[in-house]
Amino acid sequence: MIKLNKAILRIIMFLMILFCDFVLVAQSEIKVPYIEKTPIIDGRLDDHLKFIPKHKFNFYSQFDNPKTDSIRVSYALAYNDKYLYLYIETNADTISYHKRGYLWGDGYKLLIGLPNKGKPTSEYYELSYSPSKNQEDDWDQQRIASYNGNQRNPPLGIESKSQELAYDGVSGFESFIAWSDIEPYHPAFMKKMAFGLYFAKGKWRKDVGYFSNGYFVVDDPGIFNEEVLQRLYVPIYFQEPAATTRFSVQSTQRNITVGDDLQIEISSTHKEKTKPLNISITNDLNETVFNKSFQNLKPQASLTLPELSVGVYTIIYETLGYNEKEKLGILPKWDYREIKKRIAESTNSFSRGTLNTLYFKAEQITKLKTELSWYESGKEVITLWKEFEKEYRQLIAGIDPFENKTIPYRRAFLSVQDSTLQPYSIKLPKEYDPKKKYPLLVFLHGSGQDEQTLLKLPRSNGTFIELAPYGRDRYYTYASKESQIDIVEAIEDVSTHFSIDTNKVIIGGFSMGGYGALRTFYEHPKRYAGVAVFAGHPNLANMWLDGNHPNFTIQQYCAAFKNIPVFVYHGTKDPALDVSAARQLINNLEKAGAKVSSSIVEDRGHIYQDKTTNKYYHQWLNQIVNKK
């Protein structure tokens, strides 16, 4: 298992940034050849691609794993106007299949980004590939692991393809990454890009379980540490095709305000400079809202559009043998001060919770709109604005937009810690009746995430009000004073505005949130009637952070759980958080007199509970709810 203390990683990152000019210059530049013929993506290098130069990985590490023989690993890059091509080859004739293969093998992480004048870049895509033979893990195979440090993890589109194959004493990993999946990166407009690649070769031994050895192009701590947002890289250069005529078009600002002109940039090696360019724009219903043919456009051109409403549109550029699409965001005209003023005028008509939620949403939209890069369509801003506009208009009309809303949504409270608006997500039972008292489930998110999508899946048996605090935490195991206060304030805000049975509050969480649930109960044992730990490590804070934190593998820290119902779920093949620690937690809790219900599932990894476990969990919840 990879065990890298986050404090050590911060020191390493500081030193790397301090000497980053040396680190980056020390790497030889990589020239990427153009390929005319599209490869077959089957894990095997096609004969017509054997001219592509193979590169060695610059660094190798066994971390703190058992010593094993290293293998030979190389990689090759190529491109055309549609795809970036990657081929990795090892002299191992077997492939290890596992969820998050880039950690436990086999698998890789690929970074493509904007160079930053010899310094670490904060603008990039990091893509991950994890070969899988388990249908349950197919969703995790080919994903965006990070975008500019944002770990939302959407899958790549259907045009991007990856495949692995063991053959003739080697194993190959082959990928086509569509440029359209990683906009704005395209070699027609960026002759130079930032590049990083990490390959994990998975191994297994009976005495230690799963582990992996790592091969790096760049020794970048951000590969493992989600907290490191500025990434190290080597530059790659794209060689011009020898005889191919190229024509590319893109807008120079992919988010514009209602009424603005469209600015485009044209790159062409075509001898005929006067060929027509047709530009059409379609809306999200695939209706054409603009269609016009242009002749003799300059390399930088400004086009007047009809006044389009707020939304995300698709621009289609067409000319002889060329067809390209991109997204264009039309943003609202936004007067933040006026909106705040109108909300404030409703103080006497609506609850403080409703007003704080709208204030928070207005702040969020303003912040995200300000931070947009030129190449972003602003889809998230537009989605949030459309939702906010509807709620805002309801407020102005005298209607509470959140009254009896039973689908998951985000609320906010004004924190007494620092007078900032802090978010949490909430989900009410389908037949919510404010005259009844409901049990409350507080569920904590995992590392690198926030709480926004957590309640889209059911976290209880449907009879609970479900609360997912943000907790001011993405990476720190809910160990800080500020995080713990934030959780308490979120519970108090929900209790103020909804009908809660305060004697039936349960704290739970997944992964980092599992440790967070133990820690939060330990800090406030009288507040909770039960604890649920899903794939959590009982000593995670001490593994990740400096300081002396509660370690629930030690008996003394479990005394607070006496007579408390505790549910523990874990998989025996969880490579991220070892099952032995979960078994130690169960043993310690039982010795302390806790009422432990557990589900240790054979051959299951670091994922949410299976159907059988969920059945046991719902029964456990019912016992707490029905207890007199």
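The values are calculated or read from the model by the stated rules, or taken from the named source; none is laboratory data. This one's a predicted model, so the numbers in the text were calculated from it and none came from an experiment. All Cβ positions, glycine included, derive from the backbone under ideal geometry; neighbour counts span all protein chains shown.
Within region 451-471, the set of residues being surrounded by 19 or more Cβ atoms within 10 Å (Cβ to Cβ) and either in contact with a Lys or Arg (Cβ under 7 Å, 6 or more places away or on another chain) or in a loop (DSSP other than H, G, I, E, B) (or both) comprises E451, L455, R459, S460, F464, E466, Y470, G471. Among the residues making up region 276-290, those that are within 34 Å of the chain's Cα centre (by Cα), of a type outside the set (S, T, N, Q) and surrounded by 14 or more Cβ atoms within 10 Å (Cβ to Cβ) are I279, I281, V289.
The condition (being farther than 24 Å from H618 by Cα, within 24 Å of the chain's Cα centre (by Cα) and not assigned by TED's automatic domain parsing to the domain that holds G101) is satisfied by just one residue among A517, A559, A576, A535: A576.
Specify the residue that is nearest to the chain's Cα centre (by Cα); the eligible residues are those in region 84-108 that are charged (D, E, K, R) and farther than 28 Å from G571 by Cβ. Only one residue tops the list, namely E89. Looking across K109, K192, K117, one residue alone is surrounded by fewer than 18 Cβ atoms within 10 Å (Cβ to Cβ) and in contact with a Phe, Trp or Tyr (Cβ under 6 Å, 6 or more places away or on another chain). It is K192.
Among the residues making up region 291-313, those that are at pLDDT below 95 and touching a Pro at 6+ places or on another chain (Cβ under 8 Å) are S293, F294, Q295.
Any residue that is of a type in the set (V, I, T) and out of contact with any Ser or Thr (no Cβ under 6 Å at 6 or more places or on another chain) - is there at least one of those in region 578-592? Looking through region 578-592, none of the residues is of a type in the set (V, I, T) and out of contact with any Ser or Thr (no Cβ under 6 Å at 6 or more places or on another chain).
For Y336, are the conditions met, namely being under 24 Å from W179 (Cβ atoms), surrounded by 12 or more Cβ atoms within 10 Å (Cβ to Cβ) and modelled with pLDDT of 90 or more?
Working: under 24 Å from W179 (Cβ atoms): no; surrounded by 12 or more Cβ atoms within 10 Å (Cβ to Cβ): yes; modelled with pLDDT of 90 or more: yes.
No; evaluated as a whole, the condition is false for this residue.
Please find, among S425, S511, the residue that is modelled with pLDDT under 95 and of a type outside the set (D, E, K, R).
Working: S425 fails: modelled with pLDDT under 95.
One residue alone meets the criteria, S511.
If I filter region 576-587 for residues that are under 16 Å from A532 (Cα atoms) and of a type in the set (K, R), do I get at least one hit? Yes, region 576-587 has at least one match.
Which of the residues belonging to region 386-395 are farther than 19 Å from I426 by Cβ and surrounded by fewer than 12 Cβ atoms within 10 Å (Cβ to Cβ)? Steps first, answer last, please.
First pass over region 386-395, keeping only residues farther than 19 Å from I426 by Cβ: 386, 389, 392-393.
Across region 386-395, the qualifying residue is only R393.
Can you name every residue in region 128-155 that is modelled with pLDDT under 75 and over 8 Å from the mean Cα position of the chain (by Cα)? Matches in region 128-155: N134, Q135, E136, D137, D138, W139, D140. Of all the criteria given as (1) surrounded by 24 or more Cβ atoms within 10 Å (Cβ to Cβ); (2) under 27 Å from E489 (Cβ atoms), the one not satisfied by D546 is (1).
Just one of (1) out of contact with any helix residue (DSSP H, G or I) (no Cβ under 6 Å at 6 or more places or on another chain); (2) without any contact (Cβ under 8 Å) to a residue 60 or more places away in the chain; (3) buried (at least 19 other Cβ atoms within 10 Å of the Cβ) fails for T383. It is (3). In region 291-332, which residues are surrounded by 17 or more Cβ atoms within 10 Å (Cβ to Cβ), over 30 Å from the mean Cα position of the chain (by Cα) and of a type in the set (G, A, S)? A301 - this is the single residue of region 291-332 that is surrounded by 17 or more Cβ atoms within 10 Å (Cβ to Cβ), over 30 Å from the mean Cα position of the chain (by Cα) and of a type in the set (G, A, S).
Every test in (1) surrounded by fewer than 19 Cβ atoms within 10 Å (Cβ to Cβ); (2) in contact with a strand residue (DSSP E or B) (Cβ under 6 Å, 6 or more places away or on another chain); (3) not in a loop (DSSP other than H, G, I, E, B) is passed by D93 save one, and that test is (3).
Pairs are defined by a Cβ separation below 8 Å, a sequence spacing of at least 6 or placement on different chains, a first member in region 489-502 that is closer than 11 Å to P439 by Cβ, and a second member that is in a helix (DSSP H, G or I); the pairs so defined are I500/V494; T502/S495.
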